[in-house]
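The structure's right below; bear with me while I get my questions together.
Derivation of every value follows stated rules applied to the coordinates shown; laboratory data play no part. Because the structure is a prediction, the values reported are computed rather than measured. We place every Cβ from the backbone using ideal geometry, glycine too, and count neighbours over all the protein chains shown.
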Amino acid sequence: MSASTGSITAAQLPDGDVVALLLEQHTRIRSLFGRVSAAQGEERKHAFDDLRALLAVHEAAEELVIRPVAKKAAGQEEADARNAEEKEAGKVLKKLEGMDLSSSEFETTLAGFEQAVNDHADHEEREEFPALVAGCTVEQRQTMGARLRRAEHLAPTHPHPGVAGNPTAMKLTGPFTAMMDKARDAIGR
């Protein structure tokens, strides 16, 4: 299921709604996977850097903003399942980050990773997001949207599997890790 064909679309929600913001990010993530797959050389590196950074920031923001509310709205089991998927995604993303982007191993791993990320997004769009829309007021979701945007600025831009899927660890280490990641990005690794 894509964000545009799901039961809830970003266009149906008010500006600043957390679910709308996340659906828009899902659309950008899906597009970036296509760009990485189609590109070669330096263009592929830039597309992968964009994908990696968006995924790292997106997952960290979800863990900090969405999961605490989703535990109540969609249930503990749903929130735990999404956190477990994010932890695994962080490991695969870290592995991809260390690969030769022109290798067949990268291509194969990226294809499997894309499928896992799409499955994860589909679960969110079918289970978590409708529960948030049903269980939270528009004002609550807009407040969460503002918090999500703030969390994005504090989130790491590289995968950190040790804290992925653990909102408490993310809260404790996220800002420092983000600062270090952004410094590393600025100096070009």
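Above 14 Å lies some portion of the pair distances; for segment 76-129, what is it as a whole percent of all C-alpha pairs?
On the way: 815 of 1431 pairs.
More than 14 Å apart: 57 percent of the Cα pairs in segment 76-129.
Once you keep just the Cα pairs under 8 angstrom separated by 6 or more residues, what percentage relative contact order results for segment 69-142?
45
Moving on to the next point. Based on other C-beta atoms within 10 Å, arrange Glu59, Glu85 from fewest to most. If you can, show how the numbers build up before the last one.
Working: Glu59 26, Glu85 20.
Ordered by Cβ neighbours within 10 Å, fewest first: Glu85, Glu59.
Tell me which of Ala121, Leu13, Ser102 sits at the most positive position along the dipole axis of segment 9-142, charges placed on C-beta atoms (Lys, Arg +1; Asp, Glu -1).
Looking along the dipole axis, the top candidate is Ser102.
Which value does Rg/Rh take for segment 1-149 over its C-alpha atoms, Rh per Kirkwood?
Numbers: Rg = 15.6 Å, Rh = 15.8 Å.
Ratio of gyration radius to Kirkwood radius: 0.99.
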